[in-house]
Structure formats: structure tokens, C-alpha cells
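These notes are about the structure you will find just below.
The values are calculated or read from the model by the stated rules, or taken from the named source; none is laboratory data. This structure is a prediction, so every number in the text was calculated from the model and none was measured. Using ideal geometry, Cβ is built from the backbone for each residue, glycine included, and neighbour counts are taken over all protein chains shown.
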Amino acid sequence: MSQSPDIKAPPVTPWGLVILLGALTAFAPMSIDMYLPALPAIGKALGGTPEATQGTLAVFLAGMAIGQFLYGPASDRYGRRAPILVGVAVYVAASIWCALTQSMEGLIFARFVQALGGCAGAVVARAVVRDQFDHTETARVLSLLTLVMGVAPIVAPLLGGWVMVIAGWRGIFWTLALFGCLVGLAVFLRLRESRSEETAAQARSETPLKAYGQLLRNRRLIGYALAGALNGAVLFTYISSSPALVIETYGFSPQAFGWVFGCNAVGVIGMSQVNRMVLRYVTPDTVLRRASLAAIGFGLLLAFFAFTGIGRQYTVLPLLFTLLASYGLMAGNTMAGALSMDPRRAGSISALMGSLSFGAGAVASWASGALHDGSARPMAGVMLACLLASAGALWFLALPRKTQAPA
């Protein structure tokens, strides 16, 4: 494969920075995946209905979507470090609240606040990457963040199960509080300020609403943002639907579900690293073109086998693996494309994309749950709709009509 003239030889990978930023982006998967095995126990202990127990996940996604709108402009105006430290402090306090609460209503509210704090890490981490790298290298580094962040969906359910055995479901939230303290300490000691003076001047010259207004007028940026958010909604649909599908419908044990969940996370991680290597030869937009078409193909196959019932888990689960793996090709490249549209507003762009992603994920998860009929059909149908909408945003809004050098 010959190297594209637009592609430069990659610099030395800053592994220390990558691991720290990866830990910051892991707040969401750790907070979601680690407590999934505990949901039945939580509902029983707090006297909550299954709907109310599931609501602790929905409000977390809502909090992640809302909170990012605050941290993005703040990181452009006040710097990258301060918003992270504030967010981590909120996250730790809310995790302790979750561990101590005596009611389902209290847990739901505490989970919302926990998300408001935890979302700071992901927003600012992406902005830090764009502060220091160009378009293509941003895509490579974001793929590395997926590698580090992707360990969480593998480790978190297993860790959550072990903690439950030792300390009960409340121990999971104490563990999350400890995780927040360790990451916050690492940020305080190791993360240097990376926001440029140009970004600071731009943020001081406009209100957050004006900044978002300017971004929403950029057709290509919105295309990248919607393409990434709708592709990410496929992942959230899987997360919310898979416990019932794999355990109740297909009859897997909770322990076996953890391995299925981990295998799919390995697929996402592996493909994100394939993306990092492919970007040595082609541009991020080229990868997006091909990955979006491949994802639709796998989505159509999944829908066919889900609706016909042919093969049941022996067809649905392998196709889920291949479909979810496409997220590893889409996530970093759509984010890098959006950030390249206006680097001076990197924090606000990161917030906009994160909010859209969690918002789309919440809607898709709700739709899959509302249509739940004990089969894979609702999940597959929602996933295919999201993939088609993602491809439409990518092809009709984001991708340039003519080949252009990346910013």
C-alpha cells in the first residue's frame, strides 16, 4: 500500500500522555459497565422497579450529554486543567453519595450528578489532543485513546462482579470514587496546560452560546458530529440491550455474559489500532468512506438474521462483533474531522460531539427498550436506523466534494 502524499511520517507516540488521557475518557465506561452486573441487586436492595433501576443508566447518559456543554467552553476560556479537576471532584463526591444512598430516587439523582462530573475528563481530553496534534495525528492519538479506554469495558464488568462478591453493590461505587481520586491526582501532578493563547482569546471574545452558534453553522462539522454520534448510538444500543438478550433470551450465565461483553470490546480496540496503522497510508476521510459502507453491510446482515431468527445466537453474536468493531474506525476519525474544522474552539467542539453522542445513545437505548419483545429484532432495527443516518450525515454533510488536505 503506497502512502498518500497528504500523510506525514508519524512522530514518536507520547505514551504517558495517552495513558493519562485514556484514563480521563474511561470515566463513562467504568461508571456504566462496572455496575451492570449489580443492577438486579441494586433494585432489590432499594426496592426499585426494573424500570426505575434501568433509569439509573438513562439518567447517567443524560448527565453525560448535558454536562459536556458546560465543560467545553470552560476549558477554552479557563484552560484544560481546572475544569478536569472540578469535574473529578464532583465525580468523587457523587460516587460516595451513590455508595451511601438508601433510596432508588437518591441513587438516580446521584448518578446524574456523577455523570455531570465524569464527563469533564472526556471533553477536555479530546481538546488536549487537538491542542497538540494536526488532523491526521489527532485521529491516530484518538485511536490510541480508544485502546486505553477500551480496557474498561473488558475489565469493568469482571471487576464489578468481584467487588460485589467481596463488598456488595455499594462497594462498586466506593471503587469508582477511588478511581476518581487516583485520576485526579495524576492530572494534578502530570498534566500540563495545553490551551493556546489564541484559543483563550477567542473564548474571551464570545459567550458560550455564540461559540456554539458559530459551530452549528459549519455544515461539515455538523456532518462529522452527527456521523460520530449516530454511530456511537449503535454502541449504546448494544450496551443497554445486551444483558437481556444474552442472559435472558439466549440463556447465557452472567459470568458468560461478561466474556461476551469483553470479546466485543476487544473487537472495538483491535479495529481502532488497525485504524491507527491504516492512517499511515490514507487520510481519515478515506477510512470513514469505506468504514461507513462496511458498517451498513454488517447492519443489514444483522437485521436479516435477527428478524428471520435463523441461527439465533450463532449468527447474531458474531455479526454484533463485526458491527461493533466498525466503531473503532469511525469514532476517532469523525472526532478528528470535527476538531479540524475550528481548532480555536476545540473544547466547545469536543463538548458538542460528546453531548450529541450521549444524547443519541440515550434516545437509541430508549427506543430499543421501548420496542423490547424478547428477541434481537428491536436492537438490530435501531442499530440499522442509526447506521443509515450516520452514513447520510457523513456522505452528504461532512465529506468534502473534492479531495482536500487535512487541516
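List of remarks:
- Some residue of the range 319-326 being within 29 Å of Asn218 (Cβ to Cβ), part of a loop (DSSP other than H, G, I, E, B) and touching a Ser or Thr at 6+ places or on another chain (Cβ under 7 Å): no
- Any hit, the range 270-279, residues being in contact (Cβ under 8 Å) with a residue 40 or more places away in the chain, of a type in the set (A, V, I, L, M, F, W, C) and closer than 15 Å to Tyr238 by Cα: no
- Taking every residue in the range 81-109 that is within 16 Å of Gly171 (Cβ to Cβ) and pairing it with any residue that is at pLDDT below 90, at least 6 positions away or on another chain, the pairs with Cβ-Cβ distances below 6 Å are Leu107/Thr56.
- Of all the listed residues (Gly392, Gly347, Gly381), the sole one being modelled with pLDDT under 85 and in a helix (DSSP H, G or I) is Gly347.
- Residue under evaluation Val246, criteria (1) within 17 Å of Pro157 (Cβ to Cβ); (2) surrounded by fewer than 21 Cβ atoms within 10 Å (Cβ to Cβ), criterion not met: (2)
- Among the residues of the range 197-209, those identified as surrounded by fewer than 15 Cβ atoms within 10 Å (Cβ to Cβ) and assigned to a helix (DSSP H, G or I) are Glu197, Glu198, Ala201, Arg204, Leu209.
- Picking from residues in the range 11-29 that are within 25 Å of the chain's Cα centre (by Cα) and part of a loop (DSSP other than H, G, I, E, B), the one that is modelled with the lowest pLDDT is Thr13.
- Residue match in the range 154-177 (condition: within 30 Å of Pro343 (Cβ to Cβ), in contact with a Ser or Thr (Cβ under 7 Å, 6 or more places away or on another chain) and crowded, with 24+ Cβ neighbours inside 10 Å): no
- Restricted to the range 249-289, and to residues there that are of a type in the set (Lys, Arg) and in a helix (DSSP H, G or I), the residue that is modelled with the lowest pLDDT is Arg276.
- Only listed residue being at pLDDT below 85, at negative phi, of a type outside the set (Lys, Arg) and more than 16 Å from the chain's Cα centre (by Cα), chosen from Gly47, Gly79, Gly43: Gly43
- Qualifying residues in the range 210-238 (those that are touching an Asp or Glu at 6+ places or on another chain (Cβ under 8 Å) and surrounded by fewer than 22 Cβ atoms within 10 Å (Cβ to Cβ)) - the one farthest from Asn333 (Cα to Cα): Gln214
- Residues located in the range 40-54, provided they are surrounded by fewer than 18 Cβ atoms within 10 Å (Cβ to Cβ) and either in contact with a helix residue (DSSP H, G or I) (Cβ under 6 Å, 6 or more places away or on another chain) or in a loop (DSSP other than H, G, I, E, B) (or both): Ala41, Gly47, Thr49, Ala52
- Hits in the range 263-278 (condition: more than 21 Å from the chain's Cα centre (by Cα) and either surrounded by 15 or more Cβ atoms within 10 Å (Cβ to Cβ) or at positive phi (or both)): Val278
- The residues on offer are Ser240, Ser143, Ser194, and the sole one that is in contact with a helix residue (DSSP H, G or I) (Cβ under 6 Å, 6 or more places away or on another chain) and outside any helix (DSSP H, G or I) is Ser194.
- The residues listed here are Met335, Met330; of these, the one that is among the aliphatic types (A, V, I, L, M), more than 30 Å from Glu197 (Cα to Cα) and part of a helix (DSSP H, G or I) is Met330.
- Per-region count, the range 61-103, residues outside any helix (DSSP H, G or I) and either touching a Ser or Thr at 6+ places or on another chain (Cβ under 9 Å) or crowded, with 18+ Cβ neighbours inside 10 Å (or both): 3
- Sole residue being farther than 22 Å from Ile154 by Cα, modelled with pLDDT of 85 or more and not acidic (Asp, Glu), chosen from Ala93, Ala65, Ala52, Ala74: Ala93
- Among (1) closer than 18 Å to Gly87 by Cα; (2) under 23 Å from the mean Cα position of the chain (by Cα); (3) not hydroxyl-bearing (Ser, Thr, Tyr), the one test that Arg190 misses: (2)
- Positions within the range 258-286 being more than 24 Å from Met30 (Cα to Cα) and among the small types (Gly, Ala, Ser), in sequence order: none
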